[in-house]
Every structure is written in C-alpha cells, then in structure tokens.
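Here is the structure we will look at, set down as structure tokens.
Just so it is clear, none of the values below were taken in a lab; they were calculated from the coordinates. Here the structure is a predicted model, which means the values were calculated and not measured. As a convention, Cβ positions derive from the backbone with ideal geometry for all residues, glycine included, and neighbour counts pool all protein chains shown.
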Amino acid sequence: MLPLEKIQSKQDSPRSSDNIESSRAPYACTSCRKQKKGCDKVLPTCSACIRLKRNCKYATAAVIPPEDYAALLRRLAYLEERHRTGRELSSSPRTIVGLDNSPSKPPGPELSQDGNRFPSSFFLDVDAFQRNQVKGPSPRLVVPDEVLVEVGGIVEIQATVETYFFSTSTWFGIVSKKKLYQELHSSSSALEADLALLILCMRLINNKISVGVEGIRSKLYLLAKEFYNAVELSGISSIRLLQAGVLIALYETGHAVYPEAYLTIGRVARAGQAIGLHDTAGIPQLALEPKTWDEMEERRRLWWALFILDRHMNIGNPTRSLALADPLRGIWLPVDDKSFEQGEPKPSEQLFVSSSTKIDVSPFPRLCQASNLLSLVLKHINEPIYDSDKSDPDEASRESAKQIIRAEESKQLARATEALCTFLQPQLSGEATIICVPIAICYSALILLYESFLKAPRGFYPLSYKNDFHHLAVSNLSVVVGYVSAFATHIQRILPSNVEQISTLVASCLYRAAVHSTDPRLNISPSVSLHMKQTLSQLGSRWKVADEYARLLNDA
C-alpha cells in the first residue's frame, strides 16, 4: 500500500484521472506505435515516454486523399440507398444488384419504393401518350459492388475517361467530353447507374485483350453485359445507356464476339428508335428531350454511330437485314470533331448527308459520309428482281428499262465512291499521323460493288452490259487491291506508335482485298496477300477480329 503522502501527491499532480480523461489523444503516440507498446495517450506526453525519457509525438490525423474520399462518399450513398430500399445483396459473386434472383419472384429490376413503371401508352397509343402528357419513368437503380470496384475512385475514373478520349474517341466520338466531365464533377457523392455503366463500358473498350476466347469474354465484358441488362430492365431510358450499348457493340465487333455483336447493334438501334433518337421533329420523345447544343449533337452522333456499325456489320454478308433505315437527304451530318470535343458550336454551315464529299470535314463526319455510300451500295446490290411476264410487251419493256437504270446506278455509285477515295488519298501521305478510317469504308464499298458485277444474277443487268461489267469488275478490283495494299503500308507505318487509336473498321477491307489478290484473273503478285496478312497480324494486337480474318486467309 502506498503511503498517504504519495497517494495525496498523485491526486494533486496534473495527471489526475479527471485531467487525463479530458486531455487524451484519440490514438497512440508515434513511439509507442512503433514499439507496439501500450500507450495511455496522455497529452502532451504519454507516461511511457516520460518513464523512458524519449520524445513523445502524436501524428496529426491522417488526411484522406480527395479521390478516396469521393469513393467513400459514393460507397456511403450506395449503402444508404440499399438500406432505404431494404435490398439484400446476394452472396453469389455473379449476382448483379437490380435483378432479384430469389426463386419466389420472377426475374426483373428492383426499383426504389416510388413505383416507377414504363408508360405502356407510348407503344399502345401514342396519341394518348401525347394527349395525357405522360412522362417516362425515372427509376433509381443501385450500382452494385462489383461495378463500383471496377469503376474505381475519381483517379481511376479520370484515367479511364482520358484513355477513352485519347484512343477510341479520336475516330468514333459519340460522347461530349465537356458534358461528361461536368456530370462527373456534379456526381462526387454517388454515380447514377447509367453514368457508372458508361464508365464501365469505356474501361471495357480501353482494355487490350489477351489471347483466347476467355480473354475476349472476360469477367469485365460479362459484368458490362449484365449491368447493361439490369439498367435497361429498370426502365432507365437515357443517352448514357445508349452510349454504353454502342461501346459494347463496338467491343463485340472489334473482337469478333458473334452473334452478340449483330444482336447488340439491333437491340440498341431499336431502343434508340423507340425513344425518338432518330428524329426530334414531330416524334414523341420519351426521355431524350435535348435541351442544349451538346445534347443535340450527342444524339446525332449516337444515331450515326449505330448506322455505321449496322452497315459495317453487313460487309461480310450483304443480304442480312439492316437495323436502321437509310438517312434522308436532309439529315444533318455531325459537326466538326474539335467543336464537339470542346462543347462550342462552330459558326459554319451545317452539312447534310447529301452535301458534296469534296468539302473538307473532320474524321467522324467523313466516316458518316463514307458509310452512307456503303449503305447505298448495300441497298443497290440487294435490290429484288421479280419474274416478269415475257409475253407481255409492255411489262418486258418496263423490266428492260429497270435493268438499264440499275446498270447506270451501279456506274454512278462507283464514280461517287471512287471520287471520295481520290479526295482522301492525301491523308495517306508519309506525313500522316493518324489512320484514315473513312477510306477503308470506301474501299470495302467498292469491292462489294465490283463483286456484284461478277455475281449479278440473270436479269439484274441488261445482257448487253454483261461483258462490259465483267471486264470493268476485274480491272477495277485489281486497282482497288493495289490501293488497299498502299493503305496497308500506311497502317504499318503509323501503327507501332499509334496502336491505341487504330480503328477496328479498317480490318474488313484488308481481308477482302487479300481474298481478291489471289484471284488469277487479277494477275496480282503473291506478296500483296502476304502484306495484307502481316498488317492484319499487327492489327490483332488491338482488335482480335483482325486475327480472325488472318485465320480465314490461312485456312483458304
């Protein structure tokens, strides 16, 4: 037992229990933490440091980096939303939140408690939809843990977005850079489901694929597909959802994920048409009412992106049904790429799809023009032929006139496409630093057209044109193969230092030119085919569809 005077001295000292409790640090001092010793956390010096006569320091509170703090806020918002809706996460790692996997309920989206549902009158009776001024649903969907982990914090999101704008967006710009950054800055606490989906799909399209089917159908790809389904099933109808769908379709096209690529293009195209993406004048709008110039331009570019993918999908099989109708002559082309990126309208004349191809435009509007020519070629070579009554002089005369018109249309299409190719040739010069994607589409269109000269069924062209068209097809195919060979050289010169910006749309013309280069009628050196294969092999480092094309050539 301590003597009374010592007890009294302890009670009178500054380290009395009341003082200690009121002047404790929230954490151990630096020295005790290093020694892994107990610390009484007394301020300004702990008892252990006094006893050992060492310097006692308390570190300041750890500062959470801004990006981690934002990620924590998003996580907190997610947990609060989950708690509010009473949702429980499934223990399965493949479960996507937003779809109820319980056997007691049919599969479907779980929304907030406000009871959002899609207005059936939009499809059943559009007049009633407009008369009643029905609004589309605005459901809330919780972003699942898996997606939050893949999307990451602000630093990871910024890296994903910057990589996308540096690579894919340079030739397929469908997202307004200015508008996206504004949304991200205003979403510091929690990402909306459609915005999180778009970032996830940007990550998907940025990724380089490892060898094999497992690399293509990766966990990230499957997660993006599942989350897209969940967002779509929730009833969300937004520009971000459609942009994400286009990026998924582009990924599947670029890596030969079939039949998903074909189905995704059709699915997103129908979704866009259903909510009035293709027209803003007189068409009932469900959820995409454009309020600013940026929003209007994003709509236009999104429609053209679907159009480009739809037409490109049919190069390998021109008889396949299309998902979108041909644009009218009065349809506007997208604005200048730089203006779109900066979010500032350029005070210049708006170009239509029917505008001259000899007017200087930026890469994406030019890609739209080239794809429109491809579309006209596809429509021309698929024109149906009906059996006519040869005994009826009038009907026979009408059929003969149709054949002549068809033959002249073929020549006109060839001249228009060749003119655009000629106009684009300077972009293949030695000083070029980017690969010209529109000229690849033009080459594919010309090859398809000249192939149709050789394959045209009886009655498609007048008999008097047959020999001329056959000779024209052989000679012009030989010329186009030569052009594509020079284009392959252009690709090989740029590719090593610019692999991230290479487009998947250039691979098809290389393959089709390589196929015709082995035709003995064209009298082309075997080295040309080898040159195409080598270029496809290099493209395969970015897009696996090029490896598939090379495999087809090797198996031939």
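First select every other residue whose beta carbon is under 11 angstrom from the beta carbon of Y27; then total the charges, Lys and Arg +1, Asp and Glu -1. Walk me through the intermediate numbers first.
Details: positive: R24, R33, K41; negative: none.
Here the count lands on +3.
Per 0.36 nm of contour for each residue apart, how much would the distance between S321 and L530 grow if the chain were fully extended, relative to their Cα-Cα spacing?
On the way: separation 209, 0.36 × 209 = 75.24 nm, distance 3.33 nm.
Difference between extended and current length: 71.9 nm.
Could you rank the peptides 326-333, 50-57, 307-314, 375-382 by their average count of other C-beta atoms within 10 Å per residue, with the highest value first? Walk me through the numbers on the way to the answer.
Values: 326-333: 15.2, 50-57: 11.9, 307-314: 23.2, 375-382: 19.4.
Top to bottom by mean Cβ count within 10 Å: 307-314, 375-382, 326-333, 50-57.
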HN-Hα J couplings of segment 373-383 from phi, Karplus 6.51/-1.76/1.60, θ = phi - 60°, integer Hz, Gly and Pro as x?
5, 4, 4, 5, 5, 4, 5, 5, 6, 9, 4
For every other residue with a beta carbon closer than 14 angstrom to the beta carbon of L553, add +1 if it is Lys or Arg and -1 if Asp or Glu, then tell me the sum.
-1
Label point distance in nm, L52-E295, each placed 7 Å from Cα along Cα→Cβ:
6.4
Taking 0.36 nm per residue of separation between A59 and I434 and subtracting their Cα-Cα distance, the length gained on full extension comes to 129.7 nm
Karplus-derived HN-Hα couplings along segment 400-406 (A = 6.51, B = -1.76, C = 1.60, θ = phi - 60°), whole Hz, x at Gly and Pro
5, 5, 4, 5, 5, 4, 4
Which ³J(HN,Hα) values in Hz, rounded to whole numbers, follow from the phi angles of segment 436-449 under the Karplus curve 6.51 cos²θ - 1.76 cosθ + 1.60, where θ = phi - 60° and Gly and Pro get x?
7, 6, x, 5, 5, 5, 4, 4, 4, 5, 5, 4, 4, 5
Net charge of Cβ neighbours under 10 Å - reference W332; Lys, Arg +1; Asp, Glu -1:
0
Classify segment 426-556 as rounded, prolate or oblate from the Cα gyration tensor: take a ≥ b ≥ c as the square roots of its eigenvalues, call it rounded if a/c is under 1.5, otherwise prolate when a/b beats b/c and oblate if not.
prolate
